[in-house]
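Below is one structure, written out as structure tokens, with a few remarks after it.
The values are calculated or read from the model by the stated rules, or taken from the named source; none is laboratory data. Keep in mind that what you see is a predicted model, and the values were worked out from it rather than measured. We place every Cβ from the backbone using ideal geometry, glycine too, and count neighbours over all the protein chains shown. These area figures cover heavy atoms from the full protein model, side chains too; ligands, DNA and RNA do not enter into them. Shrake-Rupley method; radii C 1.70, N 1.55, O 1.52, S 1.80 Å.
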Amino acid sequence: MNSTFLGSKFARTVGVTSILGALLVWVGVSTAFSATPLFTNVNLRLPWGVLGSVAWGDYDNDGRLDFLLTGYIDPEKAISRIYHNEGDGTFTWNTNAQLPGSSGGVAWGDYDNDGRLDVLLPGDGTPALYHNNGDGSFTDIHAGLVGVRYSSVARGESGFGL
């Protein structure tokens, strides 16, 4: 059963909330205080976790935002999973990605300008930059990064695009 949420003044907003393993994916449309439902719970079932992050990105260039989820699902097991947006309100775990488990931050970015989003996982013990191979898989480029705990990452641009 889908649940709907009410909101106000959202302009093409995309947000994510993880509550005890259920990820609610919301897409909003601009409105001013109305009783019109803006958000629908798509009832996506995800593993419950801690010390993790979620990052949105279109890793396969199909025009739909996918997401990468990281974190510990138990004290000894961390995950890094890419969920592919099927375009019909569902997401499928991309098991071909083969990313190691990680905690802390995560970021998408095209470090080599090949038009495909690559992945940075700075978490415990396995910090790495992963090249997007274009077939749903990723390869560690052995960038020599140092692992950090309780991390966060951000993508920057080298210019103002003028």
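Below, the figures for the structure above:
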item	result
Carbon plus sulfur fraction of accessible area for region 91-158, probe 1.4 Å, in percent	49
Gyration tensor verdict on region 71-127 (Cα atoms; rounded if a/c is under 1.5, prolate if a/b is larger than b/c, oblate otherwise)	oblate
FRET efficiency, 1/(1 + (r/R0)^6) with R0 30 Å, evaluated for Lys77 and Asn133 via beta carbons	0.75
Accessible solvent surface per residue of region 52-148, calculated while the other protein chains remain in place, 1.4 angstrom probe, Å²	45
Computed E for Asp140/Arg64 - FRET, C-beta separation, R0 25 angstrom, nearest 0.05	0.45
Residue-count net charge about Ala143 - beta-carbon cut-off 14 Å; Lys, Arg +1, Asp, Glu -1	-3
